[in-house]
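Data first, discussion second: the structure below is written as structure tokens.
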Amino acid sequence: MKRAPALLLLCAFGLAAQVITERGGTGVIRGHPGATGKGSIEGIVINEVTREPIRKAQVTSGLGNVPPAVTDGSGRFVFRNLPPGSYMVQAVHPGFLAAIPGLTVQPAQVTLEQDEQKRDVVIPLVPGASISGRIVNENDRPLAGCFIQTLQYQPRELYGRVFAERDGATSDDRGRYRIHGLPKGRYYLLARCDQPRPAPHAFVRRGTDDALPVMKYLAEFYPGSPALSGAARLKVEPGANLEGMDFRLSTVPAFNVRGRFTGDTDALQHNLTVQLMPRDPSEFGLMQYGAGRIDARAATFRIDGVVAGAYILEAGTQDPTHAARGRINLDVGDDMQPVEVALLPGAEFTGSIEIESDRPAPFQNAQVRLTPLESASYLQSPFAEVAKDGSFTLSGVLPLRWRLDVNGITGYVKSVSVGGREVSPYGFDVAPGAGGIIRVVMGTKTAQMEGTVGGAMDAQPLWVMLIPEDMDRVKSGRVLSVQANLDGRFSLSGIAPGRYLACAFAGLPPWVIQQRPQILSLVRDRGTAVDLAEGASVRVQPQMIPAEDLEQMLQEFE
């Protein structure tokens with residue numbers, strides 16, 4: 001399938017003010033001081049779907065001293081007085097996609113000899129799609145100022161599949177909205193109106209700390225479901241216009257969540273963050289609430305206007321001088337009572353690194369880092385410089401799940417013990433109040449794998465991917481890949497010992513597969529088992545995954 005060469009290089013933005021075209025928009029570039037040749041490039045920019053010409057598209061040659069051209073009414077453009085050389089010709093237009101997520105968009109490469117005239121260069125652009133509709137309340141009155149968001153499932157290394165927010169639009173005074181410029185794909189639609197409405201209530205004494213009760217519009221997925229289970233996934237093709245995607249929102253009671261902190265209340269003096277997040281991890285970031293008021297002196301907090309549901313209340317801080325965390329499950333609904341959140345202080349660990357080598361290198365610029373394997377806005381990665389004797393100290397380690405990495409030392413993490421207990425460096429839990437000693441052993445005898453891809457090799461480039469059997473290692477990004485040569489031969493060195501599956505494929509860059517756990521799992525199931533011992537050199541012949549099988553995996557994922 002053709003891909004539109006529409007990715008605008010950053011240098012082109014620097015040329016935007018230098019557009020020089022014939023009067024009337026013929027798209028011809030006049031001579032310029034830097035031109036020394038008589039070559040030219042002439043072509044047309046077209047709509048990839050309709051094959052019709054695109055007028056007023058901006059075309060660049062890839063050279064900084066050549067001003068952009070603008071296409072005429074027939075979609076034509078010309079660059080004149082060009083010296084010999086290689087040109088990367090690209091086009092952009094506001095109604096078309098300048099980049100397509102998940103794909104590498106290539107420009108049209110044109111090579112000119114001395115005084116050569118290149119004609120009939122065709123640049124197809126992919127038109128963006130649109131989704132439109134209307135949003136009203138339960139009385140069919142239009143709702144203005146509501147935000148309608150397109151969402152896609154997106155894999156995350158640490159947290160699995162979560163919603164990724166794409167383009168969106170705000171409804172006007174007639175309740176109408178239109179989201180445009182969407183690339184091909186499958187989308188969910190979510191409508192949110194955050195304007196509160198007064199609710200009937202008893203007399204509230206002036207000066208009371210209680211907030212007035214309100215009603216809120218319940219956020220909905222299209223076509224009218226408050227939960228993902230009832231949402232429709234809309235298929236969007238290039239240039240398509242999906243109309244009539246309407247919403248009818250209802251109001252529901254909103255509740256006030258109040259509580260107090262216990263435990264390490266000193267954390268309240270260190271920019272403590274309080275968040276109320278949906279318990280469903282796929283909805284993180286979509287419907288979360290922040291504390292409207294935190295009283296550090298009274299150690300209390302309040303979150304107003306929360307819609308009923310199952311939440312996680314997360315409180316924490318992790319600044320350089322103090323770390324603490326509190327976390328509880330909370331069901332919000334009628335008869336809300338004040339809650340209590342215990343803040344647990346971060347722990348301190350001392351540690352040492354041992355390098356298994358006859359001639360271990362000195363510790364210079366080495367660093368130990370912990371990466372949190374849970375999601376919260378305040379979480380950071382504690383790190384420590386390694387002293388010359390291999391010792392280090394990690395402070396502010398909160399009670400949650402972590403991954404340990406060592407940077408600046410040649411080799412791999414062979415083993416880790418925390419408090420005398422062997423753990424996986426790719427995922428281990430720190431208990432509340434824990435602390436103690438971390439011992440890290442680094443191995444230096446890495447393995448090597450080489451071989452030839454088996455099966456038909458019709459497509460290029462050809463890739464070989466080495467996927468660990470241990471899924472914690474996969475989630476930590478320990479997937480390796482190398483490009484094979486035209487004969488299918490490949491070599492990969494510096495591999496940490498362990499059990500792997502070797503896979504071969506073409507037609508997609510490795511990162512596209514690696515960022516989609518479902519596809520990566522399917523590719524992994526087709527791999528050839530490889531057991532790599534310390535210092536081993538192994539030959540393997542992974543079988544080529546047919547292009548049609550890979551395409552089917554992608555379609556199933558979409």
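Here are some notes:
- A residue that is at pLDDT below 90 and among the hydroxyl-bearing types (Ser, Thr, Tyr) can be found somewhere in region 516-534.
- In region 244-253, residue surrounded by the most Cβ atoms within 10 Å (Cβ to Cβ) [restricted to those that are of a type outside the set (S, T, N, Q) and part of a strand (DSSP E or B)]: Phe247
- A single entry from Met471, Met449, Met465, Met442 fulfils the requirement of being touching a strand residue (DSSP E or B) at 6+ places or on another chain (Cβ under 6 Å) and under 19 Å from Met553 (Cβ atoms): Met465.
- Residues of region 448-479 satisfying the condition of being more than 19 Å from Gly507 (Cβ to Cβ), surrounded by 14 or more Cβ atoms within 10 Å (Cβ to Cβ) and under 28 Å from the mean Cα position of the chain (by Cα): Pro468, Glu469, Asp470, Met471, Asp472, Arg473, Val474, Lys475, Ser476, Arg478
- Residue in region 502-519 that is out of contact with any His (no Cβ under 9 Å at 6 or more places or on another chain), on the phi > 0 side of the Ramachandran plot and surrounded by fewer than 17 Cβ atoms within 10 Å (Cβ to Cβ) present: no
- Check on Gly239, closer than 30 Å to Leu125 by Cα, modelled with pLDDT of 90 or more and assigned by TED's automatic domain parsing to the domain that holds Leu189: no
- Condition broken by Arg489, with the remaining ones in (1) surrounded by 18 or more Cβ atoms within 10 Å (Cβ to Cβ); (2) touching a Ser or Thr at 6+ places or on another chain (Cβ under 6 Å) satisfied: (1)
- Count - residues of region 73-96 that are within 21 Å of Gly128 (Cα to Cα) and part of a loop (DSSP other than H, G, I, E, B): 6
- Restricting Ser357, Ser417, Ser391 to residues that are at negative phi and under 34 Å from the mean Cα position of the chain (by Cα) narrows the list to Ser417.
- Selection status of Leu550, touching a residue at least 12 places away in the same chain (Cβ under 8 Å), buried (at least 18 other Cβ atoms within 10 Å of the Cβ), over 28 Å from Val406 (Cβ atoms) and in contact with a strand residue (DSSP E or B) (Cβ under 9 Å, 6 or more places away or on another chain): yes
- Exactly one residue among Gly145, Gly102 is outside any strand (DSSP E or B) and at pLDDT below 85, and that residue is Gly102.
The values are calculated or read from the model by the stated rules, or taken from the named source; none is laboratory data. Keep in mind that what you see is a predicted model, and the values were worked out from it rather than measured. Neighbour counts run over all protein chains shown; Cβ positions are idealised from the backbone, glycine included.
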